[in-house]
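**Q** Structure in structure tokens, see below.
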Amino acid sequence: MRDGRMDRLAQWQAQGFDPGNCPVRMVLDHVAAKWTSLILLELARGPQRFNALGRALPDISKRMLTQSLRDLERDGMVTRTVYDTKPPSVEYALTAIGHSFMGPFGQLLDWAEKHFSPIQEARDVFDAN
């Protein structure tokens, strides 16, 4: 992926890159988590309540959904709005940062769909050896 420019890792290393404090790694730790991508895809459809997200992702535990939403909220990708109803209802929505992530994320999804079969074939060959 070199096009005459210094690659990113070389740029970061020239700036005193600290692998323990890598900004990309710190962001990808959350957005690349097992459930985060599916939660973001659901929220890209529009704001949703906690139970609606749980129904849309039936395999996720309530604890994991809660933790994933907290991580996304902490990262500024999701907002949590509590409505003063009896019982209180909570709605989650993408923030501007969350929406801005969906463009590059969509490209990654396209890549994954396009390359899933050859990757699966490579895994099968590798596992057979």
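**Q** As an exercise: evaluate VAL125 against (1) β-branched (Val, Ile, Thr); (2) modelled with pLDDT of 95 or more; (3) outside any strand (DSSP E or B); (4) surrounded by 11 or more Cβ atoms within 10 Å (Cβ to Cβ) and give the number of the one condition it does not meet.
**A** Looking at each condition in turn, VAL125 falls short on (4).
**Q** Could you list all residues from segment 41-65 that are assigned to a helix (DSSP H, G or I) and among the basic types (Lys, Arg)?
**A** Matches in segment 41-65: ARG55, LYS62, ARG63.
**Q** Quickly run through segment 56-98 and pick out the residues that are in contact with a Pro (Cβ under 7 Å, 6 or more places away or on another chain) and not small (Gly, Ala, Ser).
**A** VAL82, GLU91, TYR92
**Q** Write out, first by first residue and then by second, each pair whose Cβ atoms fall under 9 Å of each other, whose residues are 6+ apart or on separate chains, and whose first residue, in segment 84-95, is over 11 Å from ALA44 (Cα atoms) while the second is loosely packed, with under 10 Cβ neighbours inside 10 Å and hydrophobic (A, V, I, L, M, F, W, C).
**A** The qualifying pairs are PRO88/VAL82; SER89/VAL82; VAL90/VAL82; GLU91/VAL82.
**Q** Right, next: Go through segment 15-68 and give me each residue that's among the β-branched types (Val, Ile, Thr), surrounded by fewer than 16 Cβ atoms within 10 Å (Cβ to Cβ) and touching a residue at least 40 places away in the same chain (Cβ under 8 Å).
**A** VAL27
The values are calculated or read from the model by the stated rules, or taken from the named source; none is laboratory data. Computed from a predicted model, the values in this text were never measured in an experiment. Using ideal geometry, Cβ is built from the backbone for each residue, glycine included, and neighbour counts are taken over all protein chains shown.
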